[in-house]
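Novice: Let me give you the structure first, and then I'll get to my questions.
Throughout, read-outs are computed from the coordinates displayed, never taken from laboratory work. Quick caveat: nothing in here was measured; it's all calculated off a predicted structure. Here the Cβ positions follow ideal geometry from the backbone for every residue, glycine too, while neighbour counts run over all protein chains shown.
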Amino acid sequence: MLTLKCGNWILEGKSSSAVATYIRVKQLDLIFDLGRCPMRFIGTNHVFISHFHLDHYFGLPIYISQRWLAGMPPGNVYVPSSGFKQIKQILDRISALDTGRSWGYQINPVAAGDSIPFRQNLIAHILPGNHSVPAVSYLICEVRNKLKPEYRHLSGKELVALKDSDVEITNEVQLPLVAYLGDTRGIAIDAHPLLRKCKLLICECTFLTPEHRERAKRTKHLHIDMLPKLLEQLESEHIVLNHFSRRYTPEFIREEVYKRLPTSEHPRVHLFI
Ligand SMILES: [Zn+2]
Ligand SMILES: [Zn+2]
């Protein structure tokens with residue numbers, strides 16, 4: 001399993017096109033996609049699935065059954081609404097085959113435009129994907145209460161008094177933390193005003209060579225040639241590229257990516273390989 005450190009963020013998992021993609025951000029208690037499920041992921045409470053290609057959700061039965069076996073409460077699994085019914089049928093059949101009983105899991109359908117609060121102070125915005133099957137991307141924001149400007153000059157005592165008299169002294173603000181695109185042919189940059197400001201963006205980059213341009217287009221994936229223009233629009237401190245084709249070796253990926261991206265982008269681009 002791979003561990004990648006980007007500033008304060010630690011990403012764990014694996015991502016190889018058509019093989020398996022699963023990425024955990026432990027600090028946020030969440031996993032993006034679950035193409036396989038390592039045992040150390042079982043205790044993570046939130047799973048966001050981008051689409052129903054097998055390499056992105058094959059680990060779900062393991063995640064669900066292991067929690068059930070361990071007597072843990074079911075994790076919160078979020079899936080694109082288009083495959084919601086089918087995945088439930090599949091899980092019910094597997095659990096019936098496995099135990100003769102239901103595992104008692106929690107799966108939530110999501111669609112672009114939804115906003116889902118989770119944990120105490122996080123919210124997942126669901127953004128449209130652009131792939132060969134229905135897909136979504138995720139933008140995770142932290143919700144904070146910020147003191148309204150008109151009250152900033154007041155002392156702690158005065159603020160408490162106002163609060164006690166039921167005056168709303170704070171505004172809710174959202175801090176964009178991490179975005180995960182899943183498999184996609186583009187970045188829906190205008191789908192959410194905070195996307196371009198997210199601190200860390202996990203972006204697929206399946207294809208690298210000129211002869212794979214056509215394949216990228218046909219299978220609805222990003223090609224490295226498309227990235228410079230897309231990255232220009234993003235203010236992210238860290239860009240993590242994942243989901244490279246298994247045709248390429250890690251050495252080749254490293255060489256090609258940095259050769260094809262402008263040098264100004266190099267410091268913030270990390271490879272999940
Ligand atoms: Zn994939
Ligand atoms: Zn896919």
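Novice: With label points built 7 Å along Cα→Cβ from the Cα atoms of MET39 and ASN108, find their separation and express it in nm.
Specialist: 3.0
Novice: Restricting to Cα pairs below 8 Å that are 6+ residues apart, what does the relative contact order work out to for the chain? Please round to a whole percent. Each step should come with its number before you reach the end.
Specialist: Details: 554 pairs, mean separation 38.9, N = 273.
That works out to 14 percent.
Novice: While we're on this one: Could you tell me whether region 129-199 comes out rounded, prolate or oblate from its Cα gyration tensor? Rule is a ≥ b ≥ c as square roots of the eigenvalues, rounded for a/c under 1.5, then prolate if a/b exceeds b/c, otherwise oblate.
Specialist: prolate
Novice: Order these by the 10 Å Cβ neighbour count, fewest first: VAL47, VAL167, VAL240. Each step should come with its number before you reach the end.
Specialist: Details: VAL47 26, VAL167 11, VAL240 23.
Listing VAL47, VAL167, VAL240 from fewest to most nearby Cβ atoms yields VAL167, VAL240, VAL47.
Novice: Per DSSP helix of 4 or more residues, -39500 (n - 2.57); summed, then divided by the residues of the chain. What does that give at 222 nm, rounded to the nearest 500?
Specialist: On the way: 7 runs with 62 residues, N = 273.
Calculated mean residue ellipticity at 222 nm is -6500 deg cm²/dmol.
Novice: Can you work out the Karplus-derived ³J(HN,Hα) for every residue in region 68-76? Use 6.51 cos²θ - 1.76 cosθ + 1.60 with θ = phi - 60°, whole Hz, and x for glycine or proline.
Specialist: Calculated HN-Hα couplings, in order: 4, 4, 7, x, 7, x, x, x, 9 Hz.
Novice: Also, quick follow-up: Per residue, what volume in Å³ does the Cα convex hull of the chain take up?
Specialist: Details: hull volume 43.3 nm³, N = 273.
It is 158 Å³ per residue.
Novice: Moving to a separate point now. How would you rank ASP55, ASP164, ASP114, going from fewest to most other Cβ atoms within 10 Å of each one's own Cβ? Working shown, then result.
Specialist: Working: ASP55 20, ASP164 8, ASP114 15.
Fewest-to-most Cβ neighbours within 10 Å comes out as ASP164, ASP114, ASP55.
Novice: Then there is this: With just the Cα atoms defining each centre, how far is region 169-189 from region 62-92? Give it in Å.
Specialist: What the calculation gives is 25 Å, centre to centre.
Novice: Same structure, new question: Rounded, prolate or oblate, given the Cα gyration tensor of region 1-135, with a/c below 1.5 counting as rounded? It would help to have the intermediate numbers written out before the result.
Specialist: On the way: a/c = 1.38, a/b = 1.19, b/c = 1.16.
Verdict is rounded for region 1-135.
Novice: Nearest 0.05, what FRET efficiency do ILE62 and GLU168 give at R0 = 35 Å with Cβ-Cβ as r?
Specialist: Values: r = 46 Å, r/R0 = 1.31.
With a Förster radius of 35 Å, E is 0.15.
Novice: With springs connecting C-alpha atoms under 10 Å apart, model the chain as a Gaussian network and identify which of TYR78, TYR57, TYR248 has the largest mean-square fluctuation.
Specialist: The residue with the greatest mean-square fluctuation here is TYR248.
Novice: Can you give the translational diffusion coefficient of region 117-242 in µm²/s, computed by Stokes-Einstein from the Kirkwood radius over Cα pairs at 10 °C and 1.306 mPa s? If you can, show how the numbers build up before the last one.
Specialist: Numbers: Rh = 16.8 Å.
The Stokes-Einstein estimate is 95 µm²/s.
Novice: Same structure, new question: For ASP166, ASP183, what's the fewest-to-most ordering of other Cβ within 10 Å of each Cβ? Could the numbers behind the result be given before it?
Specialist: On the way: ASP166 6, ASP183 26.
Sorted ascending by nearby Cβ count, the order is ASP166, ASP183.
Novice: Taking the chain as a Gaussian network, where each spring joins two C-alpha atoms under 10 Å apart, which residue of ILE253, ILE94, ILE169 fluctuates the most?
Specialist: Looking only at ILE253, ILE94, ILE169, the biggest GNM fluctuation is shown by ILE169.
Novice: OK, next. If you plug each phi of region 123-129 into the Karplus form 6.51 cos²θ - 1.76 cosθ + 1.60 with θ = phi - 60°, what whole-Hz ³J(HN,Hα) values come out, in order, with x for Gly and Pro?
Specialist: Using θ = phi - 60°, the values come out as 9, 9, 8, 9, 10, x, x Hz.
Novice: So, in region 102-242, how many Lys pairs have Cα atoms under 21 Å apart, if the pair is 8 or more places apart or on different chains?
Specialist: Number of lysine pairs found: 10.
Novice: Given a Förster distance of 22 angstrom, what is the FRET efficiency for SER155 paired with ASN121, based on the Cβ-Cβ distance and rounded to 0.05?
Specialist: Numbers: r = 26 Å, r/R0 = 1.19.
Efficiency at R0 = 22 Å is approximately 0.25.
Novice: Let me ask something else about it. Tell me whether region 74-154 comes out rounded, prolate or oblate; compute the Cα gyration tensor, take square roots of the eigenvalues as a ≥ b ≥ c, and use a/c under 1.5 as the rounded threshold. Don't skip to the end; give the middle numbers.
Specialist: Numbers: a/c = 5.48, a/b = 2.03, b/c = 2.70.
Oblate, since a/c reaches 1.5 and b/c is not below a/b.
Novice: I would also like to ask the following. List, in order, the whole-Hz ³J(HN,Hα) value for each residue of region 254-271 obtained from phi through the Karplus relation with A = 6.51, B = -1.76, C = 1.60 and θ = phi - 60°; use x for Gly and Pro.
Specialist: Values, residue by residue: 4, 5, 5, 4, 6, 6, 8, 9, x, 4, 4, 8, 3, x, 9, 9, 10, 10 Hz.
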